[in-house]
Structures are given as structure tokens and as C-alpha cells.
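Everything below concerns the one structure shown next.
The values are calculated or read from the model by the stated rules, or taken from the named source; none is laboratory data. Please read all numbers here as calculations on a predicted model, not as lab measurements. Glycine also receives a Cβ, built like all others from the backbone with ideal geometry; neighbour counts cover every protein chain displayed. Surface accessibility is based on the protein's heavy atoms, side chains included, excluding ligands, DNA and RNA. Shrake-Rupley method; radii C 1.70, N 1.55, O 1.52, S 1.80 Å.
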Amino acid sequence: MARALITGITGQDGLYLSELLLSKGYEVYGLIRGQNNPKLDLVRETVPDVKLVTGDLTDLSSLLRALQVAQPDEVYNLGAISFVAYSWENATLTSDVTGKGVLNILEAVRLYSNDDPSKVRFYQASSSEMFGKVQEVPQRESTLLWPRSPYGVAKVFGHYMTINYRESYGMHASSGILFNHESPRRGPEFVTRKVTQAVARIKLGLQDDLVLGNLDAKRDWGFAGDYVEAMWLMLQQPEADDYVVATGETHSIRDLLDHAFAHVGIEDWSGYVKQDPRFMRPAEVELLIGDPAKAHEKLGWERKVDFPGLVGMMVENDLREQSGHAGR
Ligand code: NDP
Ligand code: GDR
């Protein structure tokens, strides 16, 4: 039975990846941090077969201990401070976790493997935020990186450190440059979930309006359940490599609002949406659109859920969740 250790087990991707690996017969270990993590119950309810080990990406010896307990064949490093807007207010912490944390886990894997590069395969959750002020459209593996936030800068450090461990120690270390992926499990601080939750609440009469920042930014949005398959596929390849995972389509926040409101029968949303400078970023990433050709050709990866399907799935989920509040 293959064994995997996942950092970031309490997050959106950690849950989907756990489900995928468990369905393939893996023994799955999840790294969980903190003395009394508020998401512990969620993980236990959603993926009861995952075994939890305590640890933190900023604490190298806790990572070594977790590796000794899990004895993994594959390590998926999904743990990070992942909210871009928050990263300006907590730049040092973001660098420590999202950047230096990658070095810590790579080093822990190297020490645990006793310099045997065939012992553990490693996945790093890199991000389209590394492209930032994009230097090429669409963005591909070879596009010059130009991050625009402390989060993006930290991810660039983790990306190059992953490549460096592959080149220096022969480690099977792959970096997945994933574009935005969403789901009903997406945190409510991210724009897709903020919109779908608000649309459901407006429809149910629980909320009057929705306050957002920049409506003109464009993102390449896919479904998280599809994207975790690409992570797994990368670690099944004979050679480690870097891959862009994206849909190849881009949509503005306005398009997102069109689809989400239309799903509940509201065609003109202008009276419900307000803008506030509080939600504007000091340096915005205006346009992201990925070229997933390499992932298609080498991994055989294809997305299954399209943009209208994704938004519909999220609005339906939020209508179900919020109708409980409406009934009270
Ligand atoms: P989430 O924000 O949902 O989850 C982040 C996870 O990181 C949580 O489990 C959190 O645990 C954990 N974490 C935070 N700080 C630490 C720490 N110090 N030590 C260990 N774990 C920690 O992110 P997603 O699931 O959406 O994303 C997974 C990864 O993929 C992240 O690295 C993200 O940056 C990256 N990514 C995501 C994309 C997306 O569109 N979703 C696109 C590209 C990359 P806790 O509950 O304890 O806070
Ligand atoms: P992003 O996702 O920064 O792309 O990072 P987010 O959903 O936070 O923002 C997307 C775009 O929407 C604009 N926006 C708003 N965003 C939020 N959160 N709240 C608002 O009110 C709002 N109004 C407009 C933003 O300015 C931005 O342009 C996500 C994270 O999952 C990262 O961890 C990951 O690496 C990248 O996706 C790929």
C-alpha cells in the first residue's frame, strides 16, 4: 500500500487530495498544526481514514518527526498562508510559512531519505501568482516570473528551491504551477466563494448587498477536484518536472457576478454590488490565463468541470447551506 503525507490537510485541496488518494488505496497522513486546530472536526468528518500527525512548516524537527511516523512514498506540500490580500499585512509570516516552509520540508525529506533520492517523491504547490505582472499571454512553464505580492514572492522562492533540490540532490521533486481552483470547500475570503455565498444569501433574503474590490481583474478558474488529479499524476511520472495546470480560459470578476446572479434568476446585479477601496490590492494581478498544453500532453490531464458548471455547483451548495439559516 502506497503511503502519502499531505501538509495543508485542513485546506480545500488537502481534503480533495485526501479523498483521491484514499480512493486509490493509499494510507494517507495529514500534517495538522496548532494545539486545538478549529478545523480538526471538519477533517475527521470529511476524511475519517486520514491519520493526523502534528507539525508546522516553520518547525523543521516537527516535519522530521511527521515523516518518521508517516514513512511516506509521496509528500504533497500544500500547506501555506494562501490568501494574497493578507500577505501584505503579514509579509514576514507569509515568507516564513509559504516560502521558507518549503525549504524546511524539502530539507526534512532529504534528511529523512538519508540522501536516497528514490525514497520519497515530492510535490510543491506553486501558483499562477508567480506570474503576477504577466510577461507573456497565455502563461506557460517557461514564462518569466514577476510576482506582485509577498505571497507571490514567497511562492517563487519555494518554486526555485524545489527545482534546486531536484537539480542538487536528484530528488523526484515536482512543482505544479496551478491557476486558481475553486469549489464549495473554498474559504469565504476568496472572491468566488464570497460571491456565491452572497448571491445565495441575497436570493434567500438574508443579505442586501455585496461589497467587493476590483471587478476588472481576470482569472483562469477551474475546479479543485480536477486539479488534485494533476498533482497525483505529476508524482507518477518517471521524471520530476514542472507543469502549468489551468483551463486556458479567463473570466473577469464581472463575468463571475453575471454567472452567479443569473443562476438564481437575477440578470441585473448592479443594484446589489458595491465597491470599496478596502478590498483593492496595493499591486494587482490584472490578467491570468494559463496554457495547460504540457499537462495535457505529458500527464494526460484534462479538466472535467467548466466555468459555468463550477459557479453553478458553488451557488447550489451555498443555497443549500444558507437555507438552513433562512429557516431559523
Ligand atoms: P487553503 O488556504 O485552503 O489551505 C492552506 C493550508 O495550509 C491549511 O490547511 C492551513 O492549515 C495550512 N497551513 C497554514 N500555515 C501552516 C503552517 N505554518 N504549517 C503547516 N500548515 C500550514 O489553501 P488551498 O487548499 O486552496 O491551497 C493549497 C496550496 O496550493 C497552498 O499552498 C496554496 O498557496 C496553493 N495554491 C492554491 C491555489 C488555489 O487556487 N486554491 C492555486 C495555486 C496554488 P490551518 O488550518 O492550520 O491554518
Ligand atoms: P487570488 O484569489 O488572489 O487570485 O489567489 P482571490 O479570490 O482572493 O482574488 C481573485 C481576484 O479577485 C479580486 N477581488 C477580490 N478578491 C477577494 N478575495 N475579495 C474581494 O472582495 C475582491 N474583489 C475583487 C482580487 O483583487 C483578485 O484580482 C488565489 C489563492 O488561492 C492563492 O493562494 C493562489 O495561489 C491563487 O489563487 C492562484
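The table for this structure:
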read-out: Rounded to 10°, Cα long-axis angle of helix 101-112 versus longest principal axis of the chain; value: 30
read-out: Charge dipole (region 1-72, unit charges on Cβ, about Cα centre) - positive-most of Ala2, Gly25, Val43; value: Ala2
read-out: Inter-centroid distance (Cα atoms) of region 16-77 relative to region 110-143, Å; value: 21
read-out: The chain: relative contact order in percent, alpha carbon pairs under 8 Å with at least 6 residues between; value: 17
read-out: Selected from His172, Gly225, Ala200, residue furthest toward positive end of dipole (region 163-238; charges at beta carbon); value: Ala200
read-out: Per residue accessible area of the chain, 1.4 Å probe, in Å²; value: 43
read-out: On Cα atoms only, tilt of 307-327 relative to the major axis of the chain in degrees; value: 70
read-out: Unit charges at the beta carbon, dipole of the chain: most positive-side option, Val53, Gly309, Ile163; value: Val53
read-out: Alpha carbon convex hull of region 58-129, volume per residue in cubic angstrom; value: 82
read-out: Cα gyration tensor category, rounded, prolate or oblate, for region 1-72 with a/c compared to 1.5; value: oblate
read-out: Span per principal axis, largest first, for the Cα atoms of region 11-122 (Å); value: 41, 37, 23
read-out: Sulfur and carbon atoms: percent of accessible area, the chain [1.4 Å]; value: 48
read-out: Modelled FRET efficiency - R0 25 Å, Ile266 with Glu189, Cβ distances, 0.05 increments; value: 0.60
read-out: Gap separating the Cα centres of region 144-183 and region 253-280, nearest whole Å; value: 33
read-out: Helix-only CD estimate at 222 nm, as mean residue ellipticity for the chain, using -39500 (n - 2.57) per DSSP H run (n ≥ 4); value: -12000 deg cm²/dmol
read-out: Tensor-based shape of region 281-328 (alpha-carbon gyration tensor, a/c under 1.5 rounded, otherwise prolate or oblate); value: oblate
read-out: Dipole magnitude of the chain, debye to nearest 20 (Cβ charges: Lys/Arg +1, Asp/Glu -1, about Cα centre); value: 620
read-out: Projected area, mean over directions - region 45-86, Cα convex hull, nm²; value: 4.3
read-out: In nm, spacing of pseudo-spin labels at Glu316 and Ala91 (7 Å Cα→C-beta vector); value: 4.4
read-out: Cα-based Lys pair tally, region 173-328, threshold under 27 Å, eight or more apart or on separate chains; value: 10
read-out: Beta bridges per DSSP with both ends in the chain, % antiparallel, nearest 5; value: 5
read-out: Kirkwood Rh in Å, taken over all unlike Cα pairs in the chain; value: 20.3
read-out: Helix axis angle, 191-203 relative to the chain longest principal axis, alpha carbon, degrees; value: 40
read-out: 10 °C / 1.306 mPa s Stokes-Einstein diffusion coefficient of region 68-202, Kirkwood radius on C-alpha pairs, µm²/s; value: 99
read-out: Aspartates and glutamates whose Cα lies under 16 Å from that of Lys100, excluding same-chain neighbours fewer than 8 positions away; value: Asp56, Asp59
